[in-house]
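Take a look at the structure below.
What follows is calculated from the coordinates using simple rules that are stated; it is not laboratory data. As the structure is a computational prediction, the values presented were derived from the model and not from experiment. Every residue, glycine among them, receives a Cβ derived from its backbone with ideal geometry; neighbour counts consider all protein chains shown.
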């Protein structure tokens, strides 16, 4: 009987090692696809969040450009981020709230002259809250802003407790 030597005695170990290496390579490639998809979603969510905050800040600036202290009320403002004619975000502004009022001092620094300031003027502090709901992810963003407004005593008595 003839004894096989060299290549004739292999029992398939190379095949098993090759299949294991192929399996590990396949797992590595599939996990890189999963990680890249997860990172893409995270970046997309961050962009949506930043756009929501920008829309809320723009709505607050819009509210501040109006005479909101004369008749404070809730308002909804739409924003078209990509200029396609359709509102991408709708910002809900809660009724501005006067949270503090104090009598304005008549002493101002010598470099500042405020002719409209008299003893009947009041410094009022207002809180404005804007909430935005992201239509794609459904996430809500709340932006709070504070502003100081100089009012007369009559204006202050009408809108500030």
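Values computed for the structure shown
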item	result
Candidates 86, 132, 17: whichever shows maximal mean-square fluctuation once the chain is modelled as a Gaussian network with Cα springs under 10 Å	17
Residue with peak Gaussian network fluctuation, the chain [Cα springs, cutoff 10 Å], from 30, 65, 52	30
GNM result for the chain, Cα springs below 10 Å: residue of 143, 29, 91 fluctuating most strongly	29
Over the chain: helical MRE at 222 nm, DSSP H runs n ≥ 4 each giving -39500 (n - 2.57), nearest 500	-13000 deg cm²/dmol
Shape call, region 117-161: gyration tensor on alpha carbons, a/c limit 1.5	prolate
Value of D in µm² per second that Stokes-Einstein yields for the chain, Kirkwood Rh from Cα pairs, at 25 °C (0.890 mPa s)	114 µm²/s
Rounded to 5, percent antiparallel among DSSP beta bridges of the chain	100 percent
On Cα atoms only, tilt of 13-64 relative to the major axis of the chain in degrees	10 degrees
Residue 145 versus residue 21: modelled label distance in nm, points set 7 Å from Cα along the beta carbon direction	6.2 nm
Potential extension, residue 80-residue 133 segment - 0.36 nm per residue separation minus Cα distance	17.7 nm
